[in-house]
Every structure is written in structure tokens, then in C-alpha cells.
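> The structure's right below; bear with me while I get my questions together.
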Amino acid sequence: MTSKVPSMGSTAISSIARPAPSADLLRVLQTHALKKEPVILSNGETSDYYVDVKQAMLRPEAARVVGQLVADAAHEVKALAVGGMVMGAVPVACAAIASEGGNDLLGFFIRKERKSHGLQRYIEGPDECFRPGTRCLIVDDVVTTGSSTVDAIKRVLEAELHIAGVLSVVDRLAGGEKAIEAAADAPYRALVTIDEIYPERSDRH
């Protein structure tokens, strides 16, 4: 059963207000995530650059920098659990719970297909994550159209959990923000936008 918990309203949106990205965050993403080469994006469109946050997040420095920021965001919206859709959310959530500020957080991930054996769950994580009303911060590595993040939101709402906020590491500024906020009825922000890590890109509006 899908159950959408009422949003936290304007107070929640202001509580997840986006600060300017730190020099450390910009450096690790520009060095290890930004790829200036032609690719096909998940939405089928072509681009002359790619942001591979997973590659950055599997390095100690990026994991430390991003993990602490995500843990801080979870605390801002009073979330207990941090997670999202595989694979993008997995290194982000793991970095958050492993950070110095993540000792009181739990991680989870959402399968694209329900597991066919065992507990047959879409959502995998500690038992405490499955209590109705558990406050969750949905995370993703990169948001373009927001489709994978929206899929995660739907699964979390079906599990009768409460979405306290949504956060991505990088937003490509391609319309995902509106889709995410409409689906979650909760505040969304990115740690950094493509304008900040690649200001000289050819498709900047």
C-alpha cells in the first residue's frame, strides 16, 4: 500500500538549505568524477561530458568528504536512515554511515527488482529501517532527469516510511529537481551542481 506521509512544509525546506560547496568537495569531484568525453546518458541523450560520482566515491578522500556532508544533511532533517536506488546510492549511503558523524545513522539500498528468495524485499537494510514512519534521507550520486531517484521514492513510500529529505551529490540541472520534489513531497538539494564543477561546459544555459 502506498502511503505518503504529509510533508514537513517550508520549515523542512529551509532546514536543508544548500550551502556553497567546499573547495575540498569541488576538488575531489573535478579530479575523480568529471570525465570530459562523449557519452550516452541514462535518458538516452548524448553529452560531451560525464560525471562518474561512483568512481570518486570509491576513493578514501571523496568518501570522507561526501560522507560527512551527507550525514550532516541527514541530521538536519532528523533522518535515521540514509539510502536509495542501486547502484548510485550505495557508496553515498555507506560513506555517510561510516563518517565521523554517521554513528547514529543506518544505511539501506533499494533493488530494481524484488529479491526472489529469502525475505523477497525491494529494500535491504537493518530491521529498524522497516518500521512504519522511519525518517529517511533518500540519496543518489547524480541527478539528471531524476527518474532513478523518483523510483526510490516510490519504493520507500510503498514501505510506509517517511521521506524527510532527498539529496544528490551532483545535479546536472536537467529538470530532475522538480520531478523529485513532486514525487517526494519533501525538500531536495544537491551538494554541488554541474555549473560549479564544470562551469565552462558547452551546454551551459
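> Answer yes or no: is there a residue in region 114-128 that is assigned to a helix (DSSP H, G or I), at pLDDT below 95, touching a Leu at 6+ places or on another chain (Cβ under 8 Å) and farther than 18 Å from Met87 by Cβ.
Checking region 114-128: at least one residue is assigned to a helix (DSSP H, G or I), at pLDDT below 95, touching a Leu at 6+ places or on another chain (Cβ under 8 Å) and farther than 18 Å from Met87 by Cβ.
> Does Leu173 meet the test of being under 19 Å from Asp127 (Cα atoms) and aliphatic (A, V, I, L, M)?
no
> Right, here's the next one. Filter region 172-182 down to residues that are open to solvent by 20 Å² or more (accessible area, probe 1.4 Å) and assigned to a helix (DSSP H, G or I) and give me whichever is nearest to Ser148 (Cα to Cα).
This residue is Ala179.
> While we're looking at this one, here's another question. Of Lys54, Lys78, which residue is open to solvent by 50 Å² or more (accessible area, probe 1.4 Å), in contact with a Lys or Arg (Cβ under 7 Å, 6 or more places away or on another chain) and touching a residue at least 24 places away in the same chain (Cβ under 8 Å)?
None of the others qualify; the one that does is Lys78.
> Can you find, within region 91-105, the residue that is farthest from Val170 (Cα to Cα) among those that are among the hydrophobic types (A, V, I, L, M, F, W, C) and crowded, with 21+ Cβ neighbours inside 10 Å?
Step by step, filter region 91-105, then rank; the result is Leu105.
> Collect the residues in region 184-205 that are over 27 Å from Glu37 (Cα atoms) and surrounded by 22 or more Cβ atoms within 10 Å (Cβ to Cβ), keeping them in residue-number order.
Scanning region 184-205 gives Ala184, Ala186, Pro187, Tyr188.
> On to the next question. Pull out all pairs, ordered by first then second residue, where Cβ-Cβ is under 7 Å, the residues are six or more apart or on different chains, the first lies in region 31-44 and is part of a strand (DSSP E or B), and the second is open to solvent by 50 Å² or more (accessible area, probe 1.4 Å).
Qualifying pairs under 7 Å: Lys35/Tyr50; Val39/Tyr50; Ile40/Thr46.
> Taking the stated definitions as given, is Asp48 surrounded by fewer than 14 Cβ atoms within 10 Å (Cβ to Cβ) and closer than 19 Å to His162 by Cα?
No, not satisfied.
> Could you grab me the full set of residues in region 46-105 that are within 15 Å of Val143 (Cα to Cα) and part of a loop (DSSP other than H, G, I, E, B)?
Tyr49, Asp52, Val86, Met87, Gly88
> I'm told Asp151 meets every condition in (1) at pLDDT below 95; (2) surrounded by fewer than 24 Cβ atoms within 10 Å (Cβ to Cβ) except one. Can you identify the failing condition by its number?
Asp151 satisfies every listed condition except (1).
> Can we say Gly84 is open to solvent by less than 10 Å² (accessible area, probe 1.4 Å), within 21 Å of Asp52 (Cβ to Cβ) and in contact (Cβ under 8 Å) with a residue 40 or more places away in the chain?
For Gly84, the condition - open to solvent by less than 10 Å² (accessible area, probe 1.4 Å), within 21 Å of Asp52 (Cβ to Cβ) and in contact (Cβ under 8 Å) with a residue 40 or more places away in the chain - is met.
> When you look at Ala33, is it modelled with pLDDT under 90 and either buried (at least 17 other Cβ atoms within 10 Å of the Cβ) or not charged (D, E, K, R) (or both), yes or no?
no
> Under 9 Å by Cβ, and 6 or more places apart or on different chains, what pairs join a residue from region 184-195 that is within 7 Å of Val170 (Cα to Cα) and part of a helix (DSSP H, G or I) with one that is of a type in the set (A, V, I, L, M) and open to solvent by less than 10 Å² (accessible area, probe 1.4 Å)?
Within 9 Å, the pairs are Ile194/Val51; Ile194/Val170.
The values are calculated or read from the model by the stated rules, or taken from the named source; none is laboratory data. All figures in this text were calculated on a predicted structure; none of them were measured in a lab. Glycine also receives a Cβ, built like all others from the backbone with ideal geometry; neighbour counts cover every protein chain displayed. Remember, those area values only see protein heavy atoms, side chains included, never the ligands or the DNA or RNA. Shrake-Rupley method; radii C 1.70, N 1.55, O 1.52, S 1.80 Å.
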